[in-house]
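See below for the structure under consideration.
The values are calculated or read from the model by the stated rules, or taken from the named source; none is laboratory data. Everything quoted here is computed from the prediction, not taken from an experiment. Heads up, the Cβs are rebuilt from the backbone with ideal geometry, glycines too, and the neighbour counts pull from every protein chain shown. For the accessible areas, the whole protein counts, side chains as well, though only heavy atoms, and no ligand, DNA or RNA atoms are used. Shrake-Rupley method; radii C 1.70, N 1.55, O 1.52, S 1.80 Å.
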Amino acid sequence: MTSDEVAPSKAQPAAAAGTVDRSHKGEAAPAVSFFDPAGKKISLADFRGEPVLLNLWATWCAPCIKEMPSLDVAAAAMRGKVRVIAVSQDMERQKVAPFFAERQLKNLDPYVDPDLGLSLTYKVNLPTTIMLGADGRELWRVSGAMDWAGPEAKALMDEATA
């Protein structure tokens, strides 16, 4: 090989944004606390008994902001089947409720995790969305933005209610 040639890379290409990852299927949700819209500490265990679509996002994250309107639509469409919980990873809790109001996100509630407990425990970048079954165990996750109002997302969420 000459100095002008480049050795082929053996690294795997990075997954495209919105790619479904099932490698964590069956893992239990972490026992990490965060705050509900009223400021009360809760955890994912408080939602056991119903499927949960957990979205980890932040007000400063451009892909997160882009996907929020479709997540809001999905929350309305899946009401009664899947609970959609958007948990902000903003360290400044006071920024989240005004963000929801300004963007008229009427089907999502402003949950906050100012200690970043969920994103650190899951070891994920933002946005990441994780589907938990009614038993609190992971079914799949998506790293990066996705159209949550589209048919692919609906089919994925329907897996949790099958």
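Averaged per residue, what accessible area in Å² does segment 7-162 show with a 1.4 Å probe, protein chains only?
On a per-residue basis, 51 Å².
For ASP36, what accessible surface area do you get with a 1.4 Å probe? Give it in Å², rounded to 10.
Answer for ASP36: close to 30 Å² accessible.
Starting from 0.36 nm per residue, how many nanometres of slack lie between ALA134 and ALA38 once their C-alpha separation is accounted for?
32.2 nm
Compute and list, largest first, the equivalent-ellipsoid semi-axes of segment 36-161 from the alpha carbon gyration tensor, each √(5λ) rounded to a whole angstrom.
Each semi-axis is the square root of five times an eigenvalue, giving 20, 16, 14 Å.
Once you keep just the Cα pairs under 8 angstrom separated by 6 or more residues, what percentage relative contact order results for segment 9-162?
It rounds to 35 percent for segment 9-162.
Only bridges with both residues in the chain count here: give the DSSP antiparallel percent, nearest 5.
Of those bridges, close to 70 percent are antiparallel.
Which of ASN125, ASN55, ASN107 ends up with the largest GNM mean-square fluctuation for the chain, with Cα atoms connected below 10 Å?
ASN125
Work through the residues other than CYS61 whose Cβ is under 10 Å from its Cβ and net out their charges, Lys, Arg +1 and Asp, Glu -1.
-1
How far, in nm, would the chain grow between GLU152 and LYS66 when pulled straight, counting 0.36 nm per residue and subtracting the alpha carbon separation?
29.2 nm
Would you mind pulling out the separation of the Cα centroids of segment 89-162 and segment 43-85, in Å?
4 Å
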